[in-house]
Amino acid sequence: MKFDLKNNTALWVTEASRLLGLAPVFTMMCAVIMVILAVFSVNDLLRAAEVEKKGQELPEFSLKKVPVGKAVYSDYARVLGRLSPDVQVLAERDGIRIEIANAAQYAEFMYVLNSVQGVSKDVVWHAEEICLAGCAGKASVALVKGMTEKVEVKLRGQDNE
């Protein structure tokens, strides 16, 4: 087949005008496709913004402290009492009392006092009171209390953990 543009111009004009009748249909189809693509793009943008916002949240840490009971104090008092016969270790309702009557056993007193945290596994100890010289009839006295600590972490984007 041979294209002859000089002799068949009327045929070309007729064919082009016939195709121009389909132009509104093609335009409408393109407009619908563009609206669908725009809706999906906006939806993706909103989801990406939400994911980024959740990613920027920092994890929350909370520390829960619970005092230990008298049974724990008596167990640790028994263990600490075996470290030195010169140091008196007593379990009380509120803690462990460590005391010496003679100032010559000061080194033993400090050894037992320093060993409190070392012998415990899950208990964190703090000294409620410490008297190192001339303490109401005793040479040195210390009262230590124990707490169990648990760290809870709330991770990013998770509500129940």
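The values are calculated or read from the model by the stated rules, or taken from the named source; none is laboratory data. Predicted, not measured: the structure shown is a model, and the values here were computed from it. FYI the Cβ positions are ideal-geometry reconstructions off the backbone, even for glycines, and counts take in every protein chain you see. Calculation scope for accessible area: heavy atoms of the full protein, side chains included, ligands and nucleic acids excluded. Shrake-Rupley method; radii C 1.70, N 1.55, O 1.52, S 1.80 Å.
How many of the residues making up the stretch 106-124 are free of Cβ contacts under 8 Å to residues at least 24 places away in the same chain and under 35 Å from the mean Cα position of the chain (by Cα)?
In the first step, residues of the stretch 106-124 are kept if they are free of Cβ contacts under 8 Å to residues at least 24 places away in the same chain; the result is 107, 110, 114, 117-118, 121.
Within this subset, residues satisfying the condition of being under 35 Å from the mean Cα position of the chain (by Cα) are 114, 117-118, 121.
Residues flagged as free of Cβ contacts under 8 Å to residues at least 24 places away in the same chain and under 35 Å from the mean Cα position of the chain (by Cα) within the stretch 106-124 amount to 4.
Residues of the stretch 40-67 being open to solvent by 90 Å² or more (accessible area, probe 1.4 Å) and either without any contact (Cβ under 8 Å) to a residue 12 or more places away in the chain or in contact with a helix residue (DSSP H, G or I) (Cβ under 8 Å, 6 or more places away or on another chain) (or both), which ones?
If the condition is that a residue be open to solvent by 90 Å² or more (accessible area, probe 1.4 Å) and either without any contact (Cβ under 8 Å) to a residue 12 or more places away in the chain or in contact with a helix residue (DSSP H, G or I) (Cβ under 8 Å, 6 or more places away or on another chain) (or both), then Phe40, Asp44, Leu45, Leu46, Arg47, Glu50, Val51, Glu52, Lys53, Gln56 are the ones that fit.
Give the residues of the stretch 34-82 that are farther than 30 Å from Val124 by Cα and polar (S, T, N, Q), sorted by residue number. Talk me through it step by step, then tell me what you get.
Of the residues in the stretch 34-82, the ones farther than 30 Å from Val124 by Cα are 34-57.
Across the stretch 34-82, the qualifying residues are Ser41, Asn43, Gln56.
Filter the stretch 136-152 for residues that are out of contact with any Leu (no Cβ under 6 Å at 6 or more places or on another chain), hydrophobic (A, V, I, L, M, F, W, C) and modelled with pLDDT of 85 or more; which is farthest from Val124 (Cα to Cα)?
My answer is Ala139.
How many of the residues in the stretch 31-77 are touching a Gly at 6+ places or on another chain (Cβ under 6 Å) and in a helix (DSSP H, G or I)?
First pass over the stretch 31-77, keeping only residues touching a Gly at 6+ places or on another chain (Cβ under 6 Å): 54, 68.
Then drop every residue that is not in a helix (DSSP H, G or I), which leaves 54.
Number of matching residues: 1.
Go through the stretch 106-129 and report how many residues are closer than 16 Å to Leu143 by Cβ and exposed (fewer than 12 other Cβ atoms within 10 Å of the Cβ).
Total satisfying the criteria: 2.
Kindly establish whether Lys70 is out of contact with any strand residue (DSSP E or B) (no Cβ under 9 Å at 6 or more places or on another chain) and either without any contact (Cβ under 8 Å) to a residue 60 or more places away in the chain or among the basic types (Lys, Arg) (or both).
On the way: out of contact with any strand residue (DSSP E or B) (no Cβ under 9 Å at 6 or more places or on another chain): no; either without any contact (Cβ under 8 Å) to a residue 60 or more places away in the chain or among the basic types (Lys, Arg) (or both): yes.
Considered against the rule, which asks whether it is out of contact with any strand residue (DSSP E or B) (no Cβ under 9 Å at 6 or more places or on another chain) and either without any contact (Cβ under 8 Å) to a residue 60 or more places away in the chain or among the basic types (Lys, Arg) (or both), Lys70 comes out as no.
Return a yes/no flag: does the stretch 11-18 have any residue that is assigned to a helix (DSSP H, G or I), loosely packed, with under 10 Cβ neighbours inside 10 Å and small (Gly, Ala, Ser).
So far as the stretch 11-18 goes, yes, one or more of its residues are assigned to a helix (DSSP H, G or I), loosely packed, with under 10 Cβ neighbours inside 10 Å and small (Gly, Ala, Ser).
Take the stretch 86-98 and flag every residue that is within 21 Å of His126 (Cβ to Cβ) and either of a type in the set (Gly, Ala, Ser) or open to solvent by 20 Å² or more (accessible area, probe 1.4 Å) (or both).
Taking the stretch 86-98 as the starting set, the residues that turn out to be within 21 Å of His126 (Cβ to Cβ) are 87-98.
Once the filter is applied, which keeps residues that are within 21 Å of His126 (Cβ to Cβ) and either of a type in the set (Gly, Ala, Ser) or open to solvent by 20 Å² or more (accessible area, probe 1.4 Å) (or both), the stretch 86-98 yields Gln88, Val89, Leu90, Ala91, Glu92, Arg93, Asp94, Gly95, Arg97.
Among the residues of the stretch 45-59, is there at least one that is among the aliphatic types (A, V, I, L, M) and under 30 Å from Leu143 (Cα atoms)? Talk me through it step by step, then tell me what you get.
Just the residues of the stretch 45-59 that are among the aliphatic types (A, V, I, L, M), to begin with: 45-46, 48-49, 51, 58.
Okay, now just the ones that are also under 30 Å from Leu143 (Cα atoms), so none.
Taking every residue of the stretch 45-59 in turn, none turns out to be among the aliphatic types (A, V, I, L, M) and under 30 Å from Leu143 (Cα atoms).
For the stretch 86-136, which fully contained strands (runs of 3 or more DSSP E) count at least 3 residues that are of a type outside the set (Val, Ile, Thr)?
Values: elements: 88-91, 96-100, 124-131.
Correct list: 88-91, 124-131.
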